[in-house]
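Structure, as structure tokens:
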Amino acid sequence: MVVPSSIANCRRLSWAFQFLAAMLISGCWCYQYKVGDLDSWGVPPSSNPHVYALWPQKYHFRLGDSLLFLYPPSQDSVIQVTERAYNSCSLTDPIKKMNDGNSAFNLTVPGNYYFTSGVPGHCQKLQKLAIAVPAANGTFFPPAADAPPPGASSALPASSPSYPIVFGPSPPQGSGAVSLGASVAVWSIVGLVLLSLL
């Protein structure tokens, strides 16, 4: 049986739309966020001192996303710290330190993440960031049973546990860290255009 070309084209287009819909529904979109939406990671300006406290409220971070900290490496750095170190602006014993000026942190595990500048005095000037990443099902982990209530002293006890590194490896220098979702969307559109030409 010979199928007219217009029906065959409709079938191809239908398959392309089904593929695109499956990609959108599956939630395979990963984003790289430039921290603070600023030109660089630095001490907040006096005109917007709470930029890093307000910035995470504009986004819904998910597993697979990454944070990009851009800064002059000769003038600043970024460190991942514990919640207690974040609250007390303690720079000693960071979980991870980056000082290359183009630091990408991959969000591979659900939970709360805390960052501050590695330069003494910058954290006290509000150059610090706290974000929350829910599990894949959208739930957040409750605070640890031994966590102090909000506003309580954040002094670290002498027998405090060590903290594991919760980030996966950073992408290699110059990798571009392209969004998987964006590249799938671009190629899906290209495919649709090509199919429509048939």
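The values are calculated or read from the model by the stated rules, or taken from the named source; none is laboratory data. Note that this is a predicted model, so its numbers are computed, not measured. Note that each Cβ is placed from the backbone with ideal geometry, even for glycine, and that neighbours are counted across all protein chains shown.
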- [ ] Find the residue count for region 108-142, including only residues that are modelled with pLDDT under 95, surrounded by fewer than 19 Cβ atoms within 10 Å (Cβ to Cβ) and assigned to a loop (DSSP other than H, G, I, E, B).
- [x] 11
Open item on the list: Return the residues of region 108-135 that are under 12 Å from R62 (Cα atoms) and touching a Leu at 6+ places or on another chain (Cβ under 6 Å); say none if nothing qualifies.
Closed with: V133
- [ ] Within region 80-105, count every residue that is in a helix (DSSP H, G or I) and within 24 Å of C30 (Cα to Cα).
- [x] 0
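Give the number of residues within region 88-104 that are in contact with a Ser or Thr (Cβ under 6 Å, 6 or more places away or on another chain) and under 19 Å from V35 (Cα atoms). Write out each step before concluding.
The first filter runs over region 88-104 and keeps only residues in contact with a Ser or Thr (Cβ under 6 Å, 6 or more places away or on another chain), leaving 88, 99, 104.
Checking the rest, the ones that are also under 19 Å from V35 (Cα atoms) come to 99, 104.
Result for region 88-104: 2.
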- [ ] For region 43-63, state whether one or more residues are assigned to a strand (DSSP E or B), within 20 Å of Y31 (Cα to Cα), in contact with a Phe, Trp or Tyr (Cβ under 8 Å, 6 or more places away or on another chain) and in contact (Cβ under 8 Å) with a residue 40 or more places away in the chain.
- [x] no
